[in-house]
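J.: One structure follows; several queries about it will come next.
The values are calculated or read from the model by the stated rules, or taken from the named source; none is laboratory data. Treat the numbers as computed from the prediction; the structure is a model and nothing was measured. For neighbour counting, all protein chains shown are included, and Cβ atoms are generated from backbone atoms with ideal geometry for every residue, glycine included.
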Amino acid sequence: MKRYSAFAIAREALRGHIGWERAWRSPEPKAQYDVVIVGAGGHGLATAYYLGKNFGITNVAVLEKGWLGGGNTGRNTTIIRSNYLQDPSAAIYEKARSLYETLSQELNYNIMFSPRGVLMLAQTEHEVRGYRRTAHANSLQGVKTEFVSPDRVKELCPIISLEGPRYPVLGALWQARAGTARHDAVAWGYARACSDMGMDIIQKCEVTGIRTEGGKVSGVTTTRGDIGCGKLGIVVAGHSGVVAEMAGFRLPIESVALQALVSEPIKPCMDVVVMANTVHGYMSQSDKGEMVIGGGADGFNNYTQRGSFHHVEETVRALVETFPIISRLKMLRQWGGIVDMTGDRSPIISKTPVENCFINCGWGTGGFKAIPGSGWAMAELMAKGASPLADGFEMHRFREGRFVDESVAAGVAH
Ligand code: FAD
Ligand code: PYC
């Protein structure tokens, strides 16, 4: 694959852009692969990429029922941070954040990583104590965060109202190297790199069944025919329960809609990300100038990719009291994604009861930030049978009561 560069842009500009190649191939599925990954979201594609890059395993197919990146990866609000509380979480989220820092160069694809900093506002004494505790835990974990004063919050984000009609801003957990990235570019960049390594990314190919022989996975049934495989990775987020059932096991996962919205574009007014979890809303400004906004998840299980109206109203109300400047902004569009929630709000990266069948799911409302670290861990687990980064995230932890409780750090009420 030809490299993208400033020189290539200049060359193509001069010759009418006739020389750009397709970013990835669209091959017909083969009868057999060493590894099949179900789901071409960020986590599935990153798994395939690190299988090739770190372990030289390239006879890989990634099967996607819709279009690449069309699930939650292309629907999220792109917040990247690693300020979690528990050690296993800090390890995998910080690995992901640090990989994001150089991902554009590594993939030769501009994922527009913007380490603009994330503020998580503390608006009650309880939150102040909680975030101070997180900052202490993070310093022991080697994750750079700090608890900052209201004055510093105002300095970092002048459009915030510190008083608020209901809750004052008492401080914030600040991670300066956290930020955002262009969500679908992350999927596209990994896809292009996988295709370049000879892997097959097959879109419009829904997995409808999982075949086993003697308790071991042997392949999948799809809308484009049967495909055999030595190992299978299920990485389908909101549909994890459905696909696990095809393999004959159940997951402690609930699927609900989480939604987001964007405003009309305005001049630059905010160069950090703010999460206000008490009033409950979060906001950042995109490079186009739109305010990117999100709130809570639906309170009932569903598979819609829309979300309900009352969340839009509650979220906008919360953000208007935090940022009065946006009160007359028009909202442009709204959408939703189906997120996969576990009881402890931590992911599952695990072997399953079916031999050679692995699962990566449960990222719920917060998996975009984890994509590179999750792919790294899942690839290692699939190639070697164990990964230090996946330790603690096994699915049997729920049976044994070994939770990795991140319900506060998840940052989104559910
Ligand atoms: P997906 O991107 O959903 O990919 C799974 C793929 O599997 C889909 O493309 C789907 O079509 C495919 N699939 C399903 N079933 C089958 C089948 N049977 N056969 C073949 N393919 C199948 N996280 C953050 O870190 N920061 C945020 O700011 C943030 N904001 C969010 C805002 C919203 C509105 C939403 C919905 C989510 C947000 N998240 C955020 C969460 C994040 O988007 C997800 O955790 C993450 O994108 C999950 O990636 P994935 O690759 O596992 O899933
Ligand atoms: O995990 O940081 C997060 C997040 C923000 C919005 C949705 N998820």
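J.: Residues of region 343-364 being buried (at least 24 other Cβ atoms within 10 Å of the Cβ) and either assigned by TED's automatic domain parsing to the domain that holds Ile293 or within 16 Å of ligand 2 (Cβ to nearest atom) (or both), which ones?
T.: Arg345, Ser346, Pro347, Cys361, Gly362, Trp363, Gly364, listed by residue number.
J.: Do we have Ser82 as in contact with a Phe, Trp or Tyr (Cβ under 6 Å, 6 or more places away or on another chain), of a type in the set (Gly, Ala, Ser) and not in a strand (DSSP E or B) here?
T.: Values: in contact with a Phe, Trp or Tyr (Cβ under 6 Å, 6 or more places away or on another chain): yes; of a type in the set (Gly, Ala, Ser): yes; not in a strand (DSSP E or B): yes.
Yes: the conditions hold for Ser82.
J.: For Val320, only one of the following conditions fails: (1) in a helix (DSSP H, G or I); (2) within 14 Å of ligand 1 (Cβ to nearest atom). What is its number?
T.: Unmet condition: (2).
J.: Check whether at least one residue in region 170-186 is at pLDDT below 95, of a type in the set (D, E, K, R) and more than 16 Å from ligand 2 (Cβ to nearest atom), and report yes or no.
T.: Checked against the condition, which is being at pLDDT below 95, of a type in the set (D, E, K, R) and more than 16 Å from ligand 2 (Cβ to nearest atom), region 170-186 yields no hits at all.
J.: While we're on this one: For the condition in contact with a Ser or Thr (Cβ under 9 Å, 6 or more places away or on another chain), in contact (Cβ under 8 Å) with a residue 40 or more places away in the chain, within 19 Å of Arg182 (Cβ to Cβ) and of a type in the set (D, E, K, R), what is the one hit in Arg116, Arg166? Break it down stepwise before answering.
T.: Numbers: Arg166 fails: within 19 Å of Arg182 (Cβ to Cβ).
Sole residue among the options that is in contact with a Ser or Thr (Cβ under 9 Å, 6 or more places away or on another chain), in contact (Cβ under 8 Å) with a residue 40 or more places away in the chain, within 19 Å of Arg182 (Cβ to Cβ) and of a type in the set (D, E, K, R): Arg116.
J.: While we're on this one: Show me the strands (runs of 3 or more DSSP E) entirely contained within region 175-290 in which 1 or more residues are surrounded by fewer than 16 Cβ atoms within 10 Å (Cβ to Cβ), more than 15 Å from ligand 1 (Cβ to nearest atom) and not β-branched (Val, Ile, Thr).
T.: 207-213, 216-222, 225-234
J.: Spot the failing condition for Ala96; the list is (1) surrounded by fewer than 22 Cβ atoms within 10 Å (Cβ to Cβ); (2) of a type in the set (A, V, I, L, M); (3) under 17 Å from Leu45 (Cβ atoms), and only one is missed.
T.: Evaluating Ala96 over (1) surrounded by fewer than 22 Cβ atoms within 10 Å (Cβ to Cβ); (2) of a type in the set (A, V, I, L, M); (3) under 17 Å from Leu45 (Cβ atoms) leaves (1) as the failure.
J.: Something else: Looking at region 71-91 only, could you name the residues that are small (Gly, Ala, Ser) and either surrounded by fewer than 24 Cβ atoms within 10 Å (Cβ to Cβ) or within 9 Å of ligand 2 (Cβ to nearest atom) (or both)?
T.: Gly74, Ala90, Ala91
J.: Continuing with the same structure: Going through region 42-78 one residue at a time, which ones are aromatic (Phe, Trp, Tyr) and part of a loop (DSSP other than H, G, I, E, B)?
T.: Across region 42-78, the qualifying residue is only Trp67.
J.: Name the one entry in Val143, Val153 that is closer than 23 Å to Glu406 by Cβ and crowded, with 18+ Cβ neighbours inside 10 Å.
T.: Val143
J.: Give region 230-247 a look and list any residue that's out of contact with any helix residue (DSSP H, G or I) (no Cβ under 9 Å at 6 or more places or on another chain) and farther than 16 Å from Lys351 by Cα, or say none. Don't jump to the end; show me each part of the working.
T.: From region 230-247, those out of contact with any helix residue (DSSP H, G or I) (no Cβ under 9 Å at 6 or more places or on another chain) are 230, 239-247; that's our starting set.
If the condition is that a residue be out of contact with any helix residue (DSSP H, G or I) (no Cβ under 9 Å at 6 or more places or on another chain) and farther than 16 Å from Lys351 by Cα, then His239, Val242 are the ones that fit.
J.: Go through region 99-110 and give me each residue that's crowded, with 20+ Cβ neighbours inside 10 Å and under 17 Å from the mean Cα position of the chain (by Cα).
T.: Listed by number, the residues that qualify are Tyr100, Leu103.
J.: Tell me which of these Gly56 doesn't satisfy, since it passes every other one: (1) away from ligand 2 (no atom under 16 Å from the Cβ); (2) surrounded by fewer than 22 Cβ atoms within 10 Å (Cβ to Cβ); (3) touching a residue at least 24 places away in the same chain (Cβ under 8 Å).
T.: Here Gly56 meets the rest and fails (3).
J.: Quick check on region 350-362. Is at least one of its residues assigned to a helix (DSSP H, G or I) and in contact (Cβ under 8 Å) with a residue 12 or more places away in the chain?
T.: Our first condition is that a residue be assigned to a helix (DSSP H, G or I); within region 350-362, this holds for none.
So far as region 350-362 goes, no, none of its residues is assigned to a helix (DSSP H, G or I) and in contact (Cβ under 8 Å) with a residue 12 or more places away in the chain.
J.: List the number of the failed condition for Val169; all other conditions in (1) assigned by TED's automatic domain parsing to the domain that holds Ala370; (2) in contact with a Pro (Cβ under 6 Å, 6 or more places away or on another chain) hold.
T.: In the conditions (1) assigned by TED's automatic domain parsing to the domain that holds Ala370; (2) in contact with a Pro (Cβ under 6 Å, 6 or more places away or on another chain), Val169 misses (1) alone.
J.: How many residues does region 291-311 contain that are assigned to a helix (DSSP H, G or I) and within 15 Å of ligand 2 (Cβ to nearest atom)?
T.: Number of matching residues: 1.
J.: With the requirement that a residue be surrounded by 17 or more Cβ atoms within 10 Å (Cβ to Cβ) and part of a loop (DSSP other than H, G, I, E, B), what does region 160-174 give you?
T.: Hits for region 160-174 are Ile160, Gly164, Tyr167, Val169, Leu170.
J.: Which condition from (1) of a type in the set (Gly, Ala, Ser); (2) in the same structural domain as Tyr93 (by TED's automatic domain parsing); (3) over 29 Å from Glu94 (Cα atoms) is the one that Gly189 breaks?
T.: Status for Gly189: all satisfied but (3).
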